[in-house]
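Asks: Sharing a structure here in structure tokens format.
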């Protein structure tokens, strides 16, 4: 019988309501020592009393084993959110023998009790960290079990292919009435198409989760910092008439139509002998190359660009207040900013549309291993023939790789890393 744990599930500090969560075999017993327990899954107002002292008037919820988030008997106490109430309630629970929860322990118990798979745990972490609407939707899709459903579909096809191959091994000394090779190849080819498509979309899904980067590039004194400040709505970067003011990369986080975006103000691009400015320019070039999109701000219409724009990059005339133009922008007056933001948003939204269900580098590596194993199996089936044992081994390797997506195989070190990022009450 495991420990019964408790922790604050809401944010720490003074608030209108604080939610204390209990989970484990003694959760209902502990509640009975504080008040008369209500029926399961029915909220009730109760006076919490411990050792003759009233702790609080709280809304109480009770969940039976198998019907809670963790899968264990659980209780939620919706307390008044004062520090004194939280402290007194925590002390009472500790005196009963309950243990304060560790980081992510509630979610880990949900995983161990089959309430969530490993990908859903990651989706929950992403949902807690979500800053924008698109991040929220992506996290909810993973939390709903989309990764597990996709992996299970692939796994069924692998099991079917493996069963066909192993049938030829079991009946090697008999006449097998049907040649299984065409169906095995069809199953493998279909899986390879799906997996390669999903692998290609993983990078974009990661960017949706972590945020896209947009670098603003141009010559010194082209108005990059003024533009950044205008887009950010605050003085994030120092502006000056003196060329070369920006020496390092300045970052501003924004929400563009539900997409998390980090704008990068970079050092002006030019030839210079100043060693400090050279470092800034080198950093600008490096960050711009890694960015998802570059906005080139021209000082003059005939200006030569020191870095060649890539596909989807945006080139605009700056300082529209001084040099008017149909597509020009001005951070000083705001002219053309809405049009520029719309263009940036459209490009990033188009990139986000190709995002797959898998959202993490771990997912990508698991799928790559599965693809490598299936490619080996296909080679054995098509080019060598007669090596059914090797084909079956490769298909089992592929299935094991896909099982890593949802945590069906031993992943203790990985679990420790994932749960370390959770807050105590989750």
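Asks: Viscosity 1.002 mPa s, temperature 20 °C: Stokes-Einstein D of the stretch 255-387 from its Kirkwood Cα radius, in µm² per second? Please report the intermediate quantities before stating the final value.
Replies: On the way: Rh = 18.7 Å.
The calculation lands on 114 µm²/s.
Asks: Using only the Cα atoms of the stretch 5-117, what do you get for the radius of gyration and for Dmax, in Å?
Replies: Spelled out, the Cα radius of gyration and Dmax of the stretch 5-117 are 13.2, 43 Å.
Asks: If you count the DSSP beta bridges with both ends in the stretch 5-117, what percent of them are antiparallel, to the nearest 5? Spell out each step's value before the answer.
Replies: Working: 23 of 25 bridges.
The antiparallel fraction comes to roughly 90 percent.
Asks: Sticking with this structure for a sec: In which sequence would 255, 126 go, from the one with the fewest C-beta neighbours within 10 Å to the one with the most? Could the numbers behind the result be given before it?
Replies: Working: 255 14, 126 22.
So the ranking, lowest neighbour count to highest, is 255, 126.
Asks: Also, I was wondering about something else. In vacuum, with every alpha carbon of the stretch 363-405 counted as one equal point scatterer, what does the Debye formula give for log10 I(q)/I(0) at q = 0.20, 0.24 Å⁻¹? Two decimals, please.
Replies: After summing over all Cα pairs, the log10 values are -0.53, -0.69.
Asks: Here's another thing I want to ask about it. How much of the calculated P(r) for the stretch 179-229 lies past 14 Å, in percent of all Cα pairs?
Replies: On the way: 912 of 1275 pairs.
Across the stretch 179-229, Cα pairs with separations above 14 Å total 72 percent.
Asks: Tell me the label-point distance for the pair residue 353, residue 181, using the 7 Å Cα-to-Cβ offset, in nm and rounded to one decimal.
Replies: Spacing of the two 7 Å Cα→Cβ label points: 4.3 nm.
Asks: Compute the Kirkwood hydrodynamic radius of the stretch 89-147, taking the inverse of the mean of 1/r over all pairs of distinct Cα atoms, and give it in Å to one decimal.
Replies: Working: mean 1/r = 0.0774 Å⁻¹.
Evaluated over the stretch 89-147, this radius sits at 12.9 Å.
Asks: Across 20 Å bins from the origin, how do the percents of Cα pairs in the chain run, short distances first?
Replies: Pairs per bin, as whole percents: 21, 35, 33, 11, 0.
Asks: Among DSSP beta bridges whose residues both lie in the chain, state the antiparallel percentage, nearest 5.
Replies: Values: 30 of 46 bridges.
If we restrict to bridges inside the chain, about 65 percent are antiparallel.
Asks: Principal axis extents for the stretch 96-226, Cα atoms only, whole Å, descending order, please.
Replies: On the principal axes, the stretch 96-226 reaches 79, 65, 20 Å in Cα extent.
Asks: May I ask you to compute the full-extension gain from residue 113 to residue 372, defined as 0.36 nm times their residue separation minus their alpha-carbon distance, rounded to one decimal in nm?
Replies: Values: separation 259, 0.36 × 259 = 93.24 nm, distance 3.21 nm.
Here the answer is 90.0 nm.
Asks: Now, a different point. Going by how many other beta carbons lie within 10 Å of each one, how would you line up 80, 363, fewest first? Present the calculation step by step, with values, prior to reporting the outcome.
Replies: Working: 80 16, 363 24.
In increasing order of surrounding Cβ atoms, one gets 80, 363.
Asks: Please compute the modelled spin-label separation between residue 382 and residue 307, points set 7 Å along Cα→Cβ, answer in nm with one decimal.
Replies: 4.1
A short reminder: the numbers here are calculations on the coordinates, not readings from a lab. On a predicted model such as this, the values are computed, not experimentally measured, just so you know. Here Cβ is always computed from backbone atoms with ideal geometry, including for glycine, and neighbour counts include all displayed protein chains.
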